[in-house]
1. Ordering Thr158, Thr349 by how much accessible area each has at a 1.4 Å probe, largest first, what is the list?
2. If the cut-off is a Cα-Cα distance under 16 Å, which aspartates and glutamates reach Lys398, setting aside same-chain residues fewer than 8 apart in sequence?
3. Tell me the accessible surface of Leu33 in square angstrom (1.4 angstrom probe, heavy atoms of protein chains only), to the nearest ten.
4. Applying a 10 Å radius around every beta-carbon, put 352-365, 164-177 in order of their mean neighbour count, most first.
5. Using the Kirkwood formula on the Cα atoms of the chain, what hydrodynamic radius do you get, in angstrom to one decimal?
6. Quick check on segment 210-341: what are the equivalent-ellipsoid semi-axes from the Cα gyration tensor, as sqrt(5λ), descending, whole Å?
7. If you project the alpha carbons of segment 146-300 onto the principal axes, what extent comes out on each, in Å, largest first?
8. Principal axis extents for segment 314-366, Cα atoms only, whole Å, descending order, please.
Amino acid sequence: MKNQNAAFDPQWAWESYVPSDERPWTLKWVGHLYRRAAFGASWEQLRQAMEEGPARTVERLLNPSGNTDEFETSFDEYESAAANSDSTEGLRAWWLRRMIQTPDPLKEKMTLFWHNHFAIDCGKVKSGVLALQRLRLNREDALGNYAHLLQAIVHHPTTFLALNAEKNRKVLPNDNFAKKVLENYCLGPDMVSEQDIHETARAFTGWFLIRNECRFLDREHDHTNKRILGEEGDFDSQDVINIILRRPDAAQFIVRKLYRFFISEVEEPAHSFLEPLVRLFTADFNIKKVITVILKSNLFFSETAYRKRVKSPIEYALEIVRGFEANVSTTHLGNDLKALGQDLFHPPTVKGWLGGRHWINSAALIGRCNLAHALISNSAPYEKQLAFDTVFEKYKCKSDEESCQFILNLFLQDDLDETVRKQLYRSTADKKPSSWLQRFTIDVLTCPEFQIG
């Protein structure tokens, strides 16, 4: 990838954006913020953000006002009930429902980020209870302490089960398990030697799964000296994580992923450009501090970041549902998202969903079109679930023309080329009056500009 940040001064890039005549706060940037830091927004939320400005809006996303405890407690109970099965379908449905209704969308967005970063296929786990435990670990520290999260995830039963490491005997260290932990979770590919991998595997000896619980058997641990990433000693698995966290490469790996998630996936920033964020992260591994800098930055509110990510199927679908302020069957939605390539709890590999252009191919685009059509036209399996006309009545759209402009403002913030705008109107002009507005909305939701965020 080309480094497009060479022209930016890192100090300016990571300083807080302050609206000015040259760089005004507009609906375009409000929509951009809600696409990246949430799952889209309602028109009411967009209007509120326009009035409050970027600083207050970002602060509200980082620290939601009001008491969210009741919401969290209710959904914890729903998820617990759904987890009493070997299948994760019920748990998937409740997590999607939580994403739609949550008063804290940034935390849920980051829960999804860690779910993908620490990717495992829960089909190998075969326990809804364990899958829920892992989900809650991701959620509890979604904006918390990365060092705590990493230690907890690496030592959770789901990791050992999914990576085929139920028995770590000192006579048979599991190099494959160590490689996946080092490369996929901690440092990235090609950052460790074969010796580092083998010595890490030796450090994990002694860990066994007994009745789906992690047990450390000291007699099976290799207590001899190990040399890992340049450090030497009688290390155990906790020591390995601490050694990793002392390396700048570990912080760089996570910061780079956060950059791709929030800023851009079309270019690769230089190490030096990310250095201010890496230093901040290394100080105490506080995830929220880094995200705060990113979301408030000049760079975030610049063309370098604008529409530089392809929406995942979940982002695509939830922006529609949240935009229309609707509640749909998340059981059916989960199945449709699975067909589009994003089945929660079942990422395709330990690298997670690759994202970017991998989300966009001819079959995926047809699938997105079919999903948008089913939601907007209230056809199977979403009959009467997304009240298409209600949102126009709520915001006092008095004609089809006003309703069309509302749709453009809501989903594209009216930021599209005039040629595209004319094409959208022209493509629906020959439809019957009763279906014209639905067809226009579907065309907006399936145009290339709505596939990126």
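The values are calculated or read from the model by the stated rules, or taken from the named source; none is laboratory data. Quick caveat: nothing in here was measured; it's all calculated off a predicted structure. Here Cβ is always computed from backbone atoms with ideal geometry, including for glycine, and neighbour counts include all displayed protein chains. What goes into the accessible areas is simple: the full protein's heavy atoms, side chains included, and nothing from ligands, DNA or RNA. Shrake-Rupley method; radii C 1.70, N 1.55, O 1.52, S 1.80 Å.
1. Per-residue accessible area, sorted high to low, gives Thr349, Thr158.
2. Asp389
3. 0 Å²
4. 164-177, 352-365
5. With all distinct Cα pairs of the chain included, I get 23.5 Å.
6. 37, 26, 12
7. So the three principal-axis extents are 55, 33, 27 Å.
8. If we take the Cα atoms of segment 314-366, the spans are 33, 23, 15 Å.
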